[in-house]
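The next block holds one structure in the form of structure tokens; read it before the comments.
The values are calculated or read from the model by the stated rules, or taken from the named source; none is laboratory data. Only a predicted model underlies this, so the values are computations on that prediction, with no experimental measurement involved. All Cβ positions, even for glycine, are placed from backbone atoms using ideal geometry, and neighbour counts span all protein chains on display. All accessible areas refer to the heavy atoms of the entire protein, side chains included, with ligands and DNA or RNA removed. Shrake-Rupley method; radii C 1.70, N 1.55, O 1.52, S 1.80 Å.
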Amino acid sequence: MAVSDHVDLEQFMAGVEKRNPHQDEFIQAVREVAEDIFEYIEDKEKYHKYQILRRIAEPDRVVSFRVCWEDDNGNIRVQRGWRVQNNNSIGPYKGGLRFHPSVTESILKFLAFEQTFKNSLTGLPMGGGKGGSNFNPKGKSDNEIMRFCQSFMTELYRHVGEDTDVPAGDIGVGAREIGYMFGQYKRITNKFTGILTGKGLEFGGSLVRTEATGYGAVYFLQNMLDYKGDSIDGKTTVISGSGNVATHAAEKILQLGGKVLTLSDSKGYIHDPAGITQEKLDWIKNLKTVQRGPISEYADKYDGATFHAGERPWSVKCDLALPCATQNELTGAEAAVLVKNGCIGVSEGANMPTDLAGIKVFKDAGISYAPGKASNAGGVAVSGLEMSQNSGRISWSEDQLQEQLRDIMKGIHDSCLEYGKKPDGGVDYVKGANIAGFVKVADAMIAFGVV
Ligand code: NDP
């Protein structure tokens, strides 16, 4: 095909929309990447000839299955489970499992697509996948969670393997769920292999995995500020979410001398003008992972803190923002408020938390803005290191892993610079991440021919 015959971006997107009806999140994620890739490949015939973007935007496979389990009252419950294996050109499929009532095939396809670029950016040999279920863990007893996880793994085990596909946690899937799923895998297969990451330290888990996504997002922010001759020290920070990513991002901000003003959950946000200290953060971690209570309880416990029901924290004046809850939680209007209030840096801990309008606001304002596929890659990077440790039957020390995490985040930052530097000296991190993530996967796909 001659270069002049290539479809343009809008024709390409029309095809994606036609083939994926009602899958809004997936279409949004593909558009965000395609805008940059189309520009980059315009004069690079090989990527057109091999239809690379068209192929990456079509998952290798989507496995969908029924998950039956019995609740504590003896009722039979039926959920849907999925594993989306997007692309394994540079390594086994890798990406988390999400248990949340909002989970759909569209959401998992968007996450698996993003994961393909993210994993490539880490420099480690990992392909992209994602999975989960529309199961709602909230309000369930430990036994119910265990029965659900066992039933989920009873199907999933056929599709995973240490050299095939290695899932991890995500929203609603933490250490407890990974433990139950690993136990069931081991029972069914009679094999002790690293088919999940985020495992407990007693059975093949890695130090620093729990902290890695949140810490990594802050290291990325630090790299962006450093590039501009600035730092986190003394800066006010607004964070959304109060789960694994948000609480560890907050912890690293505190360690680097910043002040954390907010955290949130699905019911609203808390604002503590005095700052959320490490002691308060430890209380929140316990609230969320042990008591499993709402973040609103923080405002009852700590004087001067307020709870804002049904709202997100983006109207609170800050220097830095870290969206760490879920997709599309920061709109164009909210991004404009952040910029107006003087925010100079945004690092995404969550996947696709900023919608397309919000991304445009940040880009137009020229602030330092990092998309999740770059800034939250620390989690999967340490998962990759967990895989290496499992293969070698060894455990690395905390210091070694912390150093590797910092190096990997710096490496991702530098890859973004390579492709995202603008003539005015600024950096388009979205473009940098998209292109750097794409090139490695694309070149591997070309090497394989048409498969
Ligand atoms: P957790 O389940 O630990 O925490 C999720 C947090 O987000 C909770 O505070 C939850 O509130 C809140 N939340 C979830 N859904 C919504 C919603 N629809 N509206 C508002 N708040 C919501 O998940 P993680 O911290 O692991 O994940 C957070 C984000 O980070 C996700 O986008 C995930 O894909 C991404 N990510 C996670 C990685 C990891 O290593 N864990 C790796 C890379 C990315 P509530 O407590 O009320 O449910």
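A quick yes/no check of all residues on (1) buried (at least 24 other Cβ atoms within 10 Å of the Cβ); (2) touching a residue at least 60 places away in the same chain (Cβ under 8 Å); (3) within 11 Å of the ligand (Cβ to nearest atom):
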| site | (1), (2), (3) |
| --- | --- |
| 149 | yes, no, no |
| 163 | no, yes, no |
| 169 | yes, yes, yes |
| 179 | no, no, no |
| 194 | no, yes, no |
| 204 | no, yes, no |
| 207 | no, yes, no |
| 217 | yes, yes, yes |
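Which condition number does residue 77 fail, the rest of (1) within 20 Å of residue 377 (Cα to Cα); (2) among the basic types (Lys, Arg); (3) open to solvent by 40 Å² or more (accessible area, probe 1.4 Å) being met?
Against the list (1) within 20 Å of residue 377 (Cα to Cα); (2) among the basic types (Lys, Arg); (3) open to solvent by 40 Å² or more (accessible area, probe 1.4 Å), residue 77 comes up short only on (1).
I'd like to know if the range 221-233 contains one or more residues that are closer than 30 Å to residue 335 by Cα, within 16 Å of the ligand (Cβ to nearest atom) and crowded, with 24+ Cβ neighbours inside 10 Å.
Scanning the range 221-233, I find at least one residue that is closer than 30 Å to residue 335 by Cα, within 16 Å of the ligand (Cβ to nearest atom) and crowded, with 24+ Cβ neighbours inside 10 Å, so the answer is yes.
If I ask for residues that are hydroxyl-bearing (Ser, Thr, Tyr) and open to solvent by less than 10 Å² (accessible area, probe 1.4 Å), which ones from the range 87-106 would you list?
93, 106 - these are the residues of the range 87-106 that are hydroxyl-bearing (Ser, Thr, Tyr) and open to solvent by less than 10 Å² (accessible area, probe 1.4 Å).
When residues of the range 277-329 are filtered for being buried (at least 18 other Cβ atoms within 10 Å of the Cβ) and of a type in the set (D, E, K, R), how many remain?
Total satisfying the criteria: 5.
Among the residues of the range 178-215, count how many are under 21 Å from residue 378 (Cα atoms) and not in a loop (DSSP other than H, G, I, E, B).
Residues in the range 178-215 being under 21 Å from residue 378 (Cα atoms) and not in a loop (DSSP other than H, G, I, E, B): 9 in total.
Determine which member of the set 164, 116, 122, 154 is under 28 Å from residue 292 (Cβ atoms) and polar (S, T, N, Q).
Every option except 154 fails the conditions.
Given the structure, is residue 109 closer than 19 Å to residue 438 by Cβ, within 16 Å of the ligand (Cβ to nearest atom), open to solvent by 10 Å² or more (accessible area, probe 1.4 Å) and modelled with pLDDT of 95 or more?
When the stated conditions are applied, residue 109 passes them.
I'm trying to understand the selection: among the residues of the range 333-364, which are over 27 Å from residue 248 (Cβ atoms), small (Gly, Ala, Ser) and surrounded by fewer than 16 Cβ atoms within 10 Å (Cβ to Cβ)?
333, 357
Being more than 16 Å from the ligand (Cβ to nearest atom), of a type outside the set (S, T, N, Q) and more than 29 Å from residue 60 (Cα to Cα), is that true of even one residue in the range 237-256?
Among the residues of the range 237-256, at least one is more than 16 Å from the ligand (Cβ to nearest atom), of a type outside the set (S, T, N, Q) and more than 29 Å from residue 60 (Cα to Cα), which makes the answer yes.
How many residues are of a type in the set (Ser, Thr, Tyr) and surrounded by fewer than 18 Cβ atoms within 10 Å (Cβ to Cβ) when one looks only at the range 237-276?
Summing the residues that are of a type in the set (Ser, Thr, Tyr) and surrounded by fewer than 18 Cβ atoms within 10 Å (Cβ to Cβ) in the range 237-276 gives 1.
Can we say residue 366 is more than 15 Å from the ligand (Cβ to nearest atom) and over 12 Å from the mean Cα position of the chain (by Cα)?
It is true that residue 366 is more than 15 Å from the ligand (Cβ to nearest atom) and over 12 Å from the mean Cα position of the chain (by Cα).
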